[in-house]
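S.K.: Here it is, the structure in full.
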Amino acid sequence: ALGNISFTANAWTDSNCRSYLAMTGHWISEDPTMKALHLESALFAFHCLRDRHTGESLARTIL
């Protein structure tokens with residue numbers, strides 16, 4: 001919906017056993033001249049994780 005942002009988080013480990021966390025946001029913008037809606041996205045944060053992918057560890061990284 002217009003005016004809202006949805007946040008996503010994705011954690012993964014690469015083939016060299018390095019772990020990462022990406023935080024993204026997605027929203028809909030309106031272009032009144034074209035009378036169209038557009039899906040927008042942005043990367044808000046990108047972290048290298050040093051701990052396991054537990055909820056506690058991810059919360060410390062995010063907060």
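S.K.: Tell me, which strands (runs of 3 or more DSSP E) lie completely within the chain with 2 or more residues that are among the charged types (D, E, K, R)? Full working, then the answer.
M.R.: Numbers: elements: 5-13, 19-31, 36-49.
Those strands (runs of 3 or more DSSP E) span 19-31.
S.K.: While we're on this one: Output the qualifying pairs, or none if there are none: Cβ atoms under 6 angstrom, residues six or more apart or on different chains, first residue in region 41-63 and surrounded by 12 or more Cβ atoms within 10 Å (Cβ to Cβ), second residue of a type in the set (Ser, Thr, Tyr).
M.R.: Listed by first residue and then by second, the contacts come to 47/61; 49/19.
S.K.: Give the number of residues within region 6-19 that are in contact with a His (Cβ under 7 Å, 6 or more places away or on another chain), of a type outside the set (S, T, N, Q) and at pLDDT 95 or above.
M.R.: 0
S.K.: List the residue pairs whose Cβ atoms are under 9 Å apart, where the first residue sits in region 1-26 and is closer than 23 Å to residue 38 by Cα and touching a residue at least 24 places away in the same chain (Cβ under 8 Å), the second is among the hydroxyl-bearing types (Ser, Thr, Tyr) and assigned to a strand (DSSP E or B), and the two are 6 or more positions apart or on different chains.
M.R.: 2/29; 7/24; 9/24; 22/8; 23/8
The values are calculated or read from the model by the stated rules, or taken from the named source; none is laboratory data. Note that the coordinates shown come from a computational prediction; the quantities given were computed from them, not determined experimentally. Please note: Cβ atoms are built from the backbone with ideal geometry, for glycine as well, and neighbour counts cover all protein chains shown.
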